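Student: This is the structure, below, for whatever I ask next.
Read-outs: derived from the displayed coordinates by stated rules, not from any lab. Since we're looking at a predicted model, the values are computed, not measured. Counting neighbours? That spans all protein chains shown, and the Cβs are built from the backbone with ideal geometry, glycine included.
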Amino acid sequence: MISLRANRRDVAAGARAMVPWLAGIVPFGLVIGVSAARADVPALAGWLTGPLIYAGSSQLATIGMLSAGAAPMAVVAVALVINVRLIFYSATMARHWRGTPWWWRLAAGYLLVDPSVAVGLDGYRRLGRGRGHAHYLGGAVLLWVCWLAAIGAGLTAGAGLPAWLHLEFVIPLYLVGQAIAKLADPAPRRAIFAAAAAALLALSAPLQLGIALAMAAGIAAGLTARPAGSAQSIHPLQPSTEVPR
Amino acid sequence: MNAWTVILAAGLGSYLFRLSMIVLFDRITMPARLQRATELVAPAAFAAMAAAGIATTCMSLGAARAAAPLAAVAVAVIAVLRTGSPQAAILAGMPALWVATALLPT
């Protein structure tokens, strides 16, 4: 049963949980907007990568390759290869959305991206399925709105931002924070170290396949760790000592 | 195929990726091992993207100026370990990056 009206507090809590992510996401959106403004593609087409592709790295690659005059099929292929991780995220959320109405899966699936998965899983872990849906939607919709607004702001005014701010470095730092804070559990720890090492080794892999390869290596390494007792974690970003639902 | 259709095709493909397992696993039960694997997706993805992003930034700056982002990462790691808060990485790391960049010879 999905009742967002009855769970307004959970929608608001999901939105609040998304706020820390916005510190890293909004500058990234600005960077994409600036890239689109400087690229040799129509400004509206650059902005449309936001609502249509809705994944930063893939958007940047699409805009950059279109601007460089790459072959259209190559651009589509690269954009999709970068987004292969979305299949993993889809699998991660599938069990929480099993049996939900089609309209929910079509809408919630559209909003799937790294921060919405993290915030959503936290909600399902703490609140259970029904209230977790509201928590997910609150965070995911706020992210979507801010992302599109940031790209638009970058398109119109972002070129004036001083280069010394190095806003492009906010995202790696945020990811470092997420990874370091989750080293307590053996399985995520192995996954984190293996994925980081593999990413460095695969840095020169073509079509930005390195990230997907590194993720596969990290997951494989994490699976070699023994599950933490009988309590199974449903949250990949939290220690597995809490019983779901 | 112009820019508009390229973006539309990439967007449609990305949406199908997002829906793929949601639709598939509604019909079948996810094996336990695959369930464990899905729990590791986010840590693996974040670590891989962080490592690649830092390495790319360092390589673009060259050996001499790569010290600034590396110092920022070191400060961020220490801040997170001391506070236990992931947000400390940005709050401590970005000022460290600005200071280190300013101190390094151009």
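Student: Taking segment A:153-199, which residues are at the interface with chain B (Cβ under 8 Å from one of its Cβ atoms) and among the acidic types (Asp, Glu)? Please lay out each step first, then the result.
Tutor: Of all residues in segment A:153-199, those at the interface with chain B (Cβ under 8 Å from one of its Cβ atoms) come to A:164-166, A:168-182, A:187-188, A:191-199.
A:GLU168 - this is the single residue of segment A:153-199 that is at the interface with chain B (Cβ under 8 Å from one of its Cβ atoms) and among the acidic types (Asp, Glu).
Student: Next up: So which helices (runs of 4 or more DSSP H) are wholly in segment B:1-68 and hold at least 3 residues that are under 21 Å from A:VAL78 (Cβ atoms)? It would help to see each step written out before you state the result.
Tutor: Details: elements: B:3-24, B:32-39, B:41-61.
Counting at least 3 such residues, we get B:3-24, B:41-61.
Student: Is at least one residue of segment A:52-61 outside any helix (DSSP H, G or I) and closer than 21 Å to A:GLU168 by Cα?
Tutor: First pass over segment A:52-61, keeping only residues outside any helix (DSSP H, G or I): A:54-55.
Within this subset, residues satisfying the condition of being closer than 21 Å to A:GLU168 by Cα are A:54-55.
Checked segment A:52-61: at least one residue is outside any helix (DSSP H, G or I) and closer than 21 Å to A:GLU168 by Cα.
Student: Turning to a different aspect of this structure: Any residue at all in segment B:88-97 that is loosely packed, with under 15 Cβ neighbours inside 10 Å and more than 23 Å from A:ASP185 (Cβ to Cβ)?
Tutor: yes
Student: Still on this structure: Please determine, by comparing only the residues of segment B:24-81 that are of a type in the set (Val, Ile, Thr) and more than 7 Å from every other protein chain (Cβ to nearest Cβ), which one is surrounded by the most Cβ atoms within 10 Å (Cβ to Cβ).
Tutor: First, the residues of segment B:24-81 that are of a type in the set (Val, Ile, Thr): B:28-29, B:38, B:41, B:54, B:56-57, B:73, B:75, B:77-78, B:80.
Add one more test, that the residue is more than 7 Å from every other protein chain (Cβ to nearest Cβ), and what stays is B:28-29, B:56, B:75, B:78.
On the way: B:ILE28: 8, B:THR29: 10, B:THR56: 13, B:VAL75: 21, B:ILE78: 16.
Selected residue: B:VAL75.
Student: Could I ask something else about it? Regarding B:LEU19, is this residue touching a Ser or Thr at 6+ places or on another chain (Cβ under 7 Å), within 7 Å of another protein chain (Cβ to nearest Cβ) and either more than 27 Å from A:LEU200 (Cα to Cα) or not charged (D, E, K, R) (or both)? Steps first, answer last, please.
Tutor: Working: touching a Ser or Thr at 6+ places or on another chain (Cβ under 7 Å): yes; within 7 Å of another protein chain (Cβ to nearest Cβ): yes; either more than 27 Å from A:LEU200 (Cα to Cα) or not charged (D, E, K, R) (or both): yes.
Here the answer is yes, as B:LEU19 does meet what is asked.
For every residue, the table says whether it meets (1) out of contact with any Ser or Thr (no Cβ under 9 Å at 6 or more places or on another chain); (2) more than 25 Å from A:ILE53 (Cβ to Cβ); (3) of a type outside the set (A, V, I, L, M).
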position: A:VAL119; (1), (2), (3): yes, no, no
position: A:GLY138; (1), (2), (3): yes, no, yes
position: A:ALA153; (1), (2), (3): yes, no, no
position: A:PRO162; (1), (2), (3): yes, yes, yes
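Student: What tally of residues in segment A:90-125 results from selecting those that are under 26 Å from A:PHE28 (Cα atoms), of a type in the set (Ser, Thr, Tyr) and buried (at least 20 other Cβ atoms within 10 Å of the Cβ)?
Tutor: Total meeting the criteria: 3.
Student: Can you tell me which residue in segment A:10-66 is nearest to the other protein chains (Cβ to nearest Cβ), limited to those that are among the polar types (S, T, N, Q) and farther than 23 Å from A:LEU142 by Cβ?
Tutor: Step one: list which residues in segment A:10-66 are among the polar types (S, T, N, Q), which gives A:35, A:49, A:57-59, A:62.
Adding the requirement that they be farther than 23 Å from A:LEU142 by Cβ leaves A:35, A:62.
Numbers: A:SER35: 14, A:THR62: 6 Å.
It comes out as A:THR62.
Student: Here's something else I'd like to know. Does A:LEU175 satisfy the condition of being more than 17 Å from the chain's Cα centre (by Cα) and under 23 Å from A:SER58 (Cα atoms)?
Tutor: On the way: more than 17 Å from the chain's Cα centre (by Cα): no; under 23 Å from A:SER58 (Cα atoms): yes.
When the stated conditions are applied, A:LEU175 does not pass them.
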